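Trainee: Handing you this structure, nothing more for now.
The values are calculated or read from the model by the stated rules, or taken from the named source; none is laboratory data. From a predicted model like this one, the values you see are computed outputs, not experimental measurements. Every residue, glycine as well, gets a Cβ built from its backbone with ideal geometry; the counts of neighbours run over all protein chains shown. Heavy atoms of the whole protein, side chains included, go into the accessibility calculation; ligands, DNA and RNA do not. Shrake-Rupley method; radii C 1.70, N 1.55, O 1.52, S 1.80 Å.
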Amino acid sequence: MTSERAFRILLAALAVGFVVAGVALAVGVGGARDRPDARQPTAEPDFGPNVTILDPSMTSDQIQSAVDSVFDAQETNQFGERRDAILLKPGSYDATIDVGFYTSVLGLGLSPDDVTVTGQVRVDAGWFDGNATQNFWRSVENLAIAPSEGVNRWAVAQAAPMRRVHVRGALDLYPSGSGWASGGYIADSKIDGLVASGSQQQWFSRDSEFGSWEGASWNMVFSGVAGAPQQSFPDPPFTVLESTPASREKPFLYVDGDGGYRVFLPALRRDASGASWTGGETPGDSLGIDSFFVARPSDTAAEINAALARGLNLLLTPGVYRLDETIAIERADTVVLGIGLPTLIPEGGVDGMTVDDVDGVRLAGFLIDAGAENSDVLLRVGGEGADARHDSNPTTIQDVFFRIGGAGPGRAATSLVIDSADVIVDHIWAWRADHGEGVGWNTNTADTGVIVNGANVVATGLFVEHYQRHQLVWNGENGRTVFFQNEMPYDPPDQDAWRNEGEEGYAAYKVAADVARHELWGGGSYCFFNVNPSVRAARGFEAPDAPGIRFHGVLTVSLGGNGSIVNVVNSMGTTVGSEFTGPSSVAVYP
């Protein structure tokens, strides 16, 4: 037993609480988790040094100082190792919470309206000269915002979800000064006023309620959203579904009436619309924090796997976890929940995480960052030969992000493979880095972002970018995708280096030739071949010509005319390139 582990056990026994820099932090359960039947003491869980817990009894100056300290550390920390979560206990707060990289702002109420921030919970782009296209890896969840000037700003790019939020006013999704933006995702939220997308290239909104919507660039998709604009793709480019085929909201941490920490597990919904909580309490179940292994970055993969094998769930606290073995999820209904964008780095060529072909696993709120030695897969769900049905209790993957390079050298053949049936993929970003450290055609190598082999998989919010072959390959039957955003790899050195069976380049979104049924709503694929602008892709989307294949609202764009995409879907659609940058749109295929 390490001295750190012994110290944590001692603290658990004493249930010691203390205050650091005026911010209430909690210490007390690190050792109790060593026994699967242990119960947490009444003190708050030991979430570690990078979880800031705010209480409405604190002064406004204490609260503002605490959140400013986190933002000062994280505003420009795009590829650093610090991670942070800011937890707000039920009550009211007067504060402006600026949200930087690797920061989650999480209300601890059972309803979003249990926590109210009067001021803003804000993302802008001053750090990047007003350009919001790199405002990645952050989140706000489960609280209400009463904007002090009537409008809250959430100018984000990929991997920056707003979930389960009530904005008692308007919401701007673009930076002050209207610089570029490339987001984004909202779900299970209520915005009382106008939602303005401004300069956002694309945006996906699911199961929410808006006062109204204004703005359109290339690909705006609404699924189950009251107050959404009318279907009108491509002019303006609104793709609108009245309801979402399948959804199950992300698990969230909350404090019960006795001050105990619990994790709420929202119920499965089919053909849903509107937020899950505006008509009353969200249907679902909850688990006590004592059923979780509260992991810290110092914990080894073996220790995490041992806890999972004992029947515990897994709560990943903020930090970077270096894995020398694969995290293995074998038990049905296991919950893996991260707070503060915890990051898993598989080392020595191991895979990052595997999930057996079982019911009801929930994976949410973490990043898997490829290690320097090539991994076959960063996350695999089901395993080869998976054939069970899980329609009544599917596995869900939510706010799980993948990165190849950027923070340093990274290699992985495929980021996400789904073999199980009925999986719901709800907001992922799989990204082969185009900037940062360890970036180059032969450096951060990665063939494919996502491969779906399971049947009846539903994806809501797929962001997949820069992989060296297909971005997504869908082999399973009866798949449905609502919203797909993609950039092809920037860096093919020449056309000969980027060919697929003699054709120019690789389609971003490929449905396998033997698939009979598949449907996609709202898909965009963009090229920016800045290393060699003569490079071309034959098409953005590829699918068999079959009665059960339907695409709605798909498009291609050549960013700045750097390179070309010849067709949108198969042989349909106008070429985008230096002469016509797009968008080239196909409203319905075939």
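Trainee: Filter segment 201-219 down to residues that are in contact (Cβ under 8 Å) with a residue 24 or more places away in the chain and touching a Pro at 6+ places or on another chain (Cβ under 7 Å) and give me whichever is nearest to VAL557 (Cα to Cα).
Mentor: Within segment 201-219, the match that is nearest to VAL557 (Cα to Cα) is TRP218.
Trainee: Do the conditions hold for ARG469, that is, is it open to solvent by 10 Å² or more (accessible area, probe 1.4 Å) and among the charged types (D, E, K, R)?
Mentor: Numbers: open to solvent by 10 Å² or more (accessible area, probe 1.4 Å): yes; among the charged types (D, E, K, R): yes.
The answer is yes for ARG469.
Trainee: Could you please find all residues in segment 112-125 being closer than 22 Å to LEU341 by Cα and either of a type in the set (Gly, Ala, Ser) or open to solvent by 10 Å² or more (accessible area, probe 1.4 Å) (or both)?
Mentor: Matches in segment 112-125: GLN120, ARG122, ASP124, ALA125.
Trainee: Would you list the strands (runs of 3 or more DSSP E) that sit entirely within segment 196-255 and hold 2 or more residues that are in contact with a strand residue (DSSP E or B) (Cβ under 7 Å, 6 or more places away or on another chain) and farther than 23 Å from PRO112 by Cβ? First the steps, then the outcome.
Mentor: Details: elements: 202-206, 209-214, 219-223, 238-241, 244-248, 252-255.
It comes to 219-223, 238-241.
Trainee: Any residue in segment 138-155 that is polar (S, T, N, Q) and open to solvent by 20 Å² or more (accessible area, probe 1.4 Å)?
Mentor: As a first pass, look at segment 138-155 and keep what is polar (S, T, N, Q): 139, 142, 148, 152.
Filter once more, keeping what is open to solvent by 20 Å² or more (accessible area, probe 1.4 Å): 148.
The answer is yes, given that some residue of segment 138-155 is polar (S, T, N, Q) and open to solvent by 20 Å² or more (accessible area, probe 1.4 Å).
For (1) part of a loop (DSSP other than H, G, I, E, B); (2) at pLDDT below 95; (3) within 28 Å of VAL482 (Cβ to Cβ); (4) touching a Phe, Trp or Tyr at 6+ places or on another chain (Cβ under 9 Å), each residue gets a yes or a no:
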residue	(1), (2), (3), (4)
VAL263	no, no, yes, yes
ASP271	no, no, yes, no
TRP277	yes, no, yes, no
GLU281	yes, yes, yes, no
LEU287	no, no, no, yes
VAL294	no, no, no, yes
ASN305	no, no, no, no
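Trainee: Can you tell me which of ASP333, ASP387 is out of contact with any strand residue (DSSP E or B) (no Cβ under 6 Å at 6 or more places or on another chain), acidic (Asp, Glu), in a loop (DSSP other than H, G, I, E, B) and under 21 Å from PHE252 (Cα atoms)?
Mentor: Among ASP333, ASP387, only ASP333 is out of contact with any strand residue (DSSP E or B) (no Cβ under 6 Å at 6 or more places or on another chain), acidic (Asp, Glu), in a loop (DSSP other than H, G, I, E, B) and under 21 Å from PHE252 (Cα atoms).
Trainee: So the check is Cβ under 8 Å with 6+ separation or different chains; which pairs have a first residue in segment 51-65 that's free of Cβ contacts under 8 Å to residues at least 60 places away in the same chain and within 16 Å of VAL121 (Cβ to Cβ) and a second one that's open to solvent by less than 20 Å² (accessible area, probe 1.4 Å) and outside any strand (DSSP E or B)?
Mentor: Note: pairs meeting the criteria are THR52/ALA66; THR52/VAL67; THR52/VAL70; LEU54/ILE63; LEU54/ALA66; LEU54/VAL67.
Trainee: Can you go through ALA513, ALA538 and tell me which one is part of a strand (DSSP E or B), surrounded by fewer than 22 Cβ atoms within 10 Å (Cβ to Cβ) and at pLDDT 95 or above?
Mentor: That would be ALA538, the only listed residue that is part of a strand (DSSP E or B), surrounded by fewer than 22 Cβ atoms within 10 Å (Cβ to Cβ) and at pLDDT 95 or above.
Trainee: Hey, ALA413 hits all of (1) in contact with a Ser or Thr (Cβ under 9 Å, 6 or more places away or on another chain); (2) on the phi > 0 side of the Ramachandran plot; (3) open to solvent by 10 Å² or more (accessible area, probe 1.4 Å) but one; which does it fall short on?
Mentor: Going through (1) in contact with a Ser or Thr (Cβ under 9 Å, 6 or more places away or on another chain); (2) on the phi > 0 side of the Ramachandran plot; (3) open to solvent by 10 Å² or more (accessible area, probe 1.4 Å) one by one, ALA413 breaks only (2).
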